[in-house]
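Let me begin by presenting the structure, written as structure tokens, before commenting on it.
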Amino acid sequence: MKMDNRGQVLILVAFAILFLIGMAALAIDVGFMYTTRHELQRSADAGALAGASAFIGGEWDNNNLSSPTMVEADTRARDYASMDSVSPPIGASSPVHLDRASEVSVAFPLMNYIRVTTRRQVNLFFARVLGYPTKELTAFATARLQVIDSRLPCLKPWGIPFPWEDDGDRLYEDGEVVNDNNDKCPKDGSAPPPDVFCQGSTIILKIGTPQGKPEEQQPDIPNIQQESGHFFALDFGPLIGAGSGAHPYKELIKEDCPDDTLELSVGDSVPLKPGDMVGPTIQAVALPKDGDIDSLMNQDPDSDWVDGPGGGLPESPKYPIDNGAWMNSPRVVRIPIYDPRVALVQGKTDMTIAGFAGFWIKEVYEQPKGQGTVIGRYIPMSSFGHQSGPEAGPQTGPVIYNLQLVE
């Protein structure tokens, strides 16, 4: 008996078409979803890092999301997460920015942490034949602000003390804590007190004579007394095999980050250079009239201080504030700090690092003869490096930070 095979090919073709549509959905729609999620991830990463930057110098208050720091972190995160275009949402024909209110969400899971989630509902292509016309895609990123106190590179060879109020006979009362409370920093833009590091505080980075400078010559600079022999110049040269002369000292000031850079940690002991190093300091810092052509200030001669929220920041045409480039200026430096209660001992030839801080180099005073005082403004800033201890709690005083994506 002869079998009737008519219609079998049609069934096979139908199954083949479904199979091909499934493969097309897998190849095209999954590829499209992968690309969109990559765009969402990029946006979430940018938002998280931008949001975490608001914690620098801010006051963490997870119990009050309307506090200035938390509001600023939320605003930065949403703004930066919505800057780049993402694959078109439902109802759109071309990529558009994320809606910062409905497609970006922000949370603060731990102290100094921020989590940004991005999402978009998109149309699918071939998958709609299989009953999946749309898909919501999400991505998230968590960033943290950590305090760097270990293996910090690219430091300038100056050691400066925590600030104090000089009342003639003492530096501190017994049991007094050094500069541990930035609640003293004014919120209204007025001048900070002399015993606290506040953003924009004018700080003496190097004193050229043991007696400081007479106030009648530079009235805006406090007349701080130091013990003879402690001139804040650090002898990094031998630690990197470059010798102990003036040349390596000058080059370490002028260079941004040499290949043989030294990495230092809190608690490390570094030698002091003998003498005041006034001439080499001026040559390495000052504009070409008194300094080298590649001096620190001449690498960004148009840099100036711009007053603003929190105390202000430095800016020049080459290194503007609005895109964060100000931190890349050669005049923005990182410097180790010591506790004067420990360091200022007659005859001491080394310095124990108690912390790190960022500064913008304002100017160097060459006159009267024998002076070599570098003036800077304190700025909270970031750096490469490591955090040696547990998670950072509330931080006050001068610290160096690092912004890091943790997931």
Which one of the conditions (1) of a type in the set (F, W, Y); (2) closer than 14 Å to E136 by Cα; (3) under 21 Å from the mean Cα position of the chain (by Cα) does Y34 fail to meet, given that it meets all the rest? (3)
Determine which member of the set G358, G376 is among the small types (G, A, S), part of a strand (DSSP E or B), modelled with pLDDT of 70 or more and under 13 Å from the mean Cα position of the chain (by Cα). G358
Give just the number: which of (1) touching a helix residue (DSSP H, G or I) at 6+ places or on another chain (Cβ under 7 Å); (2) touching a residue at least 24 places away in the same chain (Cβ under 8 Å) does I56 not satisfy? (1)
If you go through region 81-91 one residue at a time, do you hit one that is of a type outside the set (S, T, N, Q) and part of a helix (DSSP H, G or I)? yes
Pairs needed: first member in region 339-357, assigned by TED's automatic domain parsing to the domain that holds P271; second member anywhere, at pLDDT 85 or above and acidic (D, E); C-beta distance under 7 Å; at least 6 residues apart or different chains. I353/D268
Of the residues S82, S53, only one is modelled with pLDDT under 90 and of a type in the set (S, T, Y); which? S53
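The values are calculated or read from the model by the stated rules, or taken from the named source; none is laboratory data. Computed from a predicted structure; not experimentally measured. Don't worry about glycine lacking a Cβ; one is built from the backbone with ideal geometry, like all the others, and counts go over all protein chains shown.
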